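J.: Dumping the structure here so I can ask a few things about it.
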Amino acid sequence: MTLRPWLELARLPNAPTIVSNVLVGWAIGMHGEDGSASWAGAAPTALAMLLLYIGGMALNDVMDAEIDRAERPARPIPSGRISRFAAAAFVTGSFTVALTILATRSGMALAYGFVLMIAIILYNVLHARHGWSVLLMGLCRALVYVTAALAAGGQPDWRSLALLAPALLLYVVLFSLIARGEAANQRRRFEEIIILAPMFVILFGEFVHTSAPPWLTILGRSAFLLWTLGIAVYLRSPQRDLGRAVGWWIAGISLLDLYHLTRLDEPAAAGIALACFLLTLAGQRWIAGS
């Protein structure tokens, strides 16, 4: 048995974006009323969020096994490289260990981690039948911010959380709509509006109180805007490949996190978010991220 089928099942190339999500959530927790948390405690929370993520990706293949047999026969389950039972056991183990880790952080972290797990399950049950399930996908990402902030202990910076979590949710919903082809049969003008829309999610971050030097936030803002604008330009070209663009949008989650971390005046964490972005892009060249 080789490792590659399991990496494909977990869609591991996109996992670094979860790490950068946790960095934002943890920074929000550190900037709250208590402010006594240290970055050292973020590692177990990142592991828990990664386990929920890879468990959710595996559950997607378990639920869609029959669809994949017809549409994507090379996926690990329909190709016979991993059994449906083994994949389901992997999901159960990942979720159980993740919640156990969160229980060691705080009761609130465990509670929101459980809510996140339920949102992941609901998305995987509903996504093939209901277009509005993209809201659940966005909610799953936003809940990573919330859970990580609460895992840091104390009272998080609720204002920042109320601004940045919806920004992440909106970004994921927008590119998920495009990935589903919701705009495919609409007027070209409407499609262009949808393609450009992800650039505007940074507006939420502009309302976060910051003590960061202006150059830092300008760098973070520019990185995210240039990347999303580049994707929009690519999708206007004759060589456009929607699958590739979706992978790039997913990698862009870490650039959005980078921007949020600059607003929170956490330059070192922003540097890690940049590394997560580059790792995601590199991983997508090896294993498809969507």
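J.: Within the stretch 230-282, take every residue that is closer than 22 Å to R180 by Cβ and of a type in the set (F, W, Y) and give me the one that is most open to solvent (accessible area, probe 1.4 Å).
T.: Looking at the filtered set, the residue picked out is W248.
J.: Using the structure shown, decide if I202 is within 18 Å of the chain's Cα centre (by Cα), over 18 Å from L281 (Cβ atoms) and touching a residue at least 24 places away in the same chain (Cβ under 8 Å).
T.: Criteria met by I202.
J.: Quick one: in the stretch 118-133, of everything that is in contact with a Leu (Cβ under 6 Å, 6 or more places away or on another chain) and more than 18 Å from D68 (Cβ to Cβ), which residue is least open to solvent (accessible area, probe 1.4 Å)?
T.: Across the stretch 118-133, the extreme among qualifying residues is A119.
J.: Can you tell me which of A162, A148 is within 14 Å of G29 (Cα to Cα), out of contact with any His (no Cβ under 9 Å at 6 or more places or on another chain), open to solvent by 30 Å² or more (accessible area, probe 1.4 Å) and modelled with pLDDT of 95 or more?
T.: A162
Conditions (1) over 15 Å from A15 (Cβ atoms); (2) outside any helix (DSSP H, G or I); (3) touching a residue at least 40 places away in the same chain (Cβ under 8 Å), marked per residue:
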position: G220; (1), (2), (3): yes, no, yes
position: L225; (1), (2), (3): yes, no, no
position: P238; (1), (2), (3): yes, yes, no
position: G243; (1), (2), (3): yes, no, yes
position: W248; (1), (2), (3): yes, no, no
position: L256; (1), (2), (3): yes, no, yes
position: T262; (1), (2), (3): yes, no, yes
position: L274; (1), (2), (3): yes, no, yes
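The values are calculated or read from the model by the stated rules, or taken from the named source; none is laboratory data. Here the structure is a predicted model, which is why all the values come from computation and not from measurement. Counting neighbours? That spans all protein chains shown, and the Cβs are built from the backbone with ideal geometry, glycine included. Ligands, DNA and RNA are stripped out before the accessible areas are found, and what is left, the full protein with its side chains, is counted by its heavy atoms. Shrake-Rupley method; radii C 1.70, N 1.55, O 1.52, S 1.80 Å.
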